[in-house]
Every structure is written in C-alpha cells, then in structure tokens.
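Worksheet for the structure shown next.
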Amino acid sequence: MIVQGIKIIYPVEITIHPGELEVISLAMGKGIETVLMDDAKARAASEMAGLRPIGTLWLILKAVKNHLLNFDQFLSTLEDILQSGFYLKEEVYLKAVRKARELSSD
C-alpha cells in the first residue's frame with residue numbers, strides 16, 4: 001500500500017463519510033475505475049461518480065475463486081472481519097458461505 005494525498009475533492013450527491021469521499025476522489029483523480037466500498041450510501045455515491053464499487057465480501061470470495069484462500073481460510077477471514085465490527089445480514093452470510101464452498105470445490 002502507498003499512502004497518497006488527494007489534490008481535488010470531487011463533490012458527490014450523497015453525504016458520506018469523509019474517508020469514503022477521499023477514496024472516490026483519489027480514484028477519479030488517478031483514473032481508477034474500481035473502489036473498495038462496503039457502505040451502501042458510499043457504494044451509491046461511487047456508482048454515481050462512474051466508479052465500480054466492490055465490497056470486502058466480494059474480495060475474499062475472489063480470493064477463494066483464485067485459490068488464494070481455501071474454504072477454511074475463507075471462514076476464518078470472514079469470522080475475523082465480523083469480530084472486528086463488519087456487519088452482514090444472516091442471509092448474505094449464508095449465501096457467501098455457500099458460494100465459498102462452491103468456489104473452493106472447483
């Protein structure tokens with residue numbers, strides 16, 4: 001990771017956390033198309049800015065798909081982020097576990 005300063009704060013139509021606004025602004029300033037966003041309002045703001053938001057859950061499922069994590073490692077990672085305050089609805093959690101199991105058996 002490299003810490004970078006932001007030259008221009010791009011306005012968005014939705015009030016979001018300043019850190020998420022900085023992510024959107026940095027991506028737009030650098031010509032980056034994809035941003036990591038989990039908050040629903042921040043995801044909407046990034047889409048309105050023409051960016052493609054992906055979430056933490058997508059990222060760890062992608063790691064399973066690419067064989068960077070096995071199923072047990074996925075579960076452990078998911079448990080770690082949940083313990084640190086990450087929130088998932090129960091149905092989303094179950095869907096993610098099923099998807100990870102499917103991806104790990106490919």
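The values are calculated or read from the model by the stated rules, or taken from the named source; none is laboratory data. Keep in mind it's a predicted model, so treat the numbers as computed, not measured. FYI the Cβ positions are ideal-geometry reconstructions off the backbone, even for glycines, and counts take in every protein chain you see. Keep in mind that these areas ignore ligands, DNA and RNA; they rest on the heavy atoms of the full protein, side chains included. Shrake-Rupley method; radii C 1.70, N 1.55, O 1.52, S 1.80 Å.
Just wondering, is there one or more residues in segment 84-92 that are in contact with a Pro (Cβ under 7 Å, 6 or more places away or on another chain) and open to solvent by less than 40 Å² (accessible area, probe 1.4 Å)? Checking segment 84-92: not a single residue is in contact with a Pro (Cβ under 7 Å, 6 or more places away or on another chain) and open to solvent by less than 40 Å² (accessible area, probe 1.4 Å). A single member of Ile24, Ile81 is part of a helix (DSSP H, G or I), open to solvent by less than 80 Å² (accessible area, probe 1.4 Å) and closer than 16 Å to Ala96 by Cα, and it is Ile81.
The set of residues in segment 27-37 being β-branched (Val, Ile, Thr) and either part of a loop (DSSP other than H, G, I, E, B) or open to solvent by 40 Å² or more (accessible area, probe 1.4 Å) (or both) consists of Ile32, Thr34. Of all the residues in segment 7-22, those that are within 14 Å of Met48 (Cβ to Cβ) and of a type in the set (A, V, I, L, M) number 4. The set of residues in segment 1-21 being among the acidic types (Asp, Glu) and surrounded by fewer than 19 Cβ atoms within 10 Å (Cβ to Cβ) consists of Glu13 alone. Listed conditions (1) without any contact (Cβ under 8 Å) to a residue 24 or more places away in the chain; (2) over 27 Å from Val12 (Cα atoms); (3) surrounded by 18 or more Cβ atoms within 10 Å (Cβ to Cβ) are all met by Ala63, apart from (3). Among the residues that make up segment 55-72, is at least one of them of a type in the set (Asp, Glu) and under 27 Å from Glu102 (Cβ atoms)? Taking every residue of segment 55-72 in turn, at least one turns out to be of a type in the set (Asp, Glu) and under 27 Å from Glu102 (Cβ atoms). Checked against the criterion of being buried (at least 17 other Cβ atoms within 10 Å of the Cβ), in a helix (DSSP H, G or I) and basic (Lys, Arg), segment 38-47 has at least one qualifying residue.
Comparison of Val35, Val23, Val3, Val12 shows that the only residue that is on the phi < 0 side of the Ramachandran plot, at pLDDT 95 or above and of a type in the set (Val, Ile, Thr) is Val35.
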